[in-house]
Amino acid sequence: YKNEALFDNSDGENVRDIRHSPHLGVLTDDLPPEVLDESGKFINLNSYCSILLCAIKDLKSKVDTQEEMIKQLQERISELEKQINTEK
């Protein structure tokens, strides 16, 4: 993290922002334009949160599917192990 950040205020002046604790941030260069404001410099939090929520829902769906597949495979393995043990 950076202890000091330089940014432009509404008057166009450079202002130093001293941060006394670690913080997280997002670089707008790495974001799709749909989550930025009209100027392209700042994040539109409503759009950003909406996209994050959709991504989380999609990932949860994938995890749920994978968990179900794992359960089914574990059941198949157990059944196959039973068959092997009865043949001995």
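When nucleic acids and ligands are ignored and a 1.4 Å probe is applied, I43 ends up with an accessible area of around 50 Å². Projected label points at K41 and I70, each 7 Å from Cα along the beta carbon direction, are separated by 4.6 nanometres.
Entry comment: accessible area of segment 36-80 is 89 Å² per residue, from protein heavy atoms only and a probe of 1.4 Å.
The values are calculated or read from the model by the stated rules, or taken from the named source; none is laboratory data. Keep in mind that this is a model prediction, so the values were computed, not measured. Glycine gets a Cβ as well: all are built from the backbone with ideal geometry, and neighbour counts include every protein chain shown. Side chains included, ligands, DNA and RNA excluded: accessible areas come from the protein's heavy atoms. Shrake-Rupley method; radii C 1.70, N 1.55, O 1.52, S 1.80 Å.
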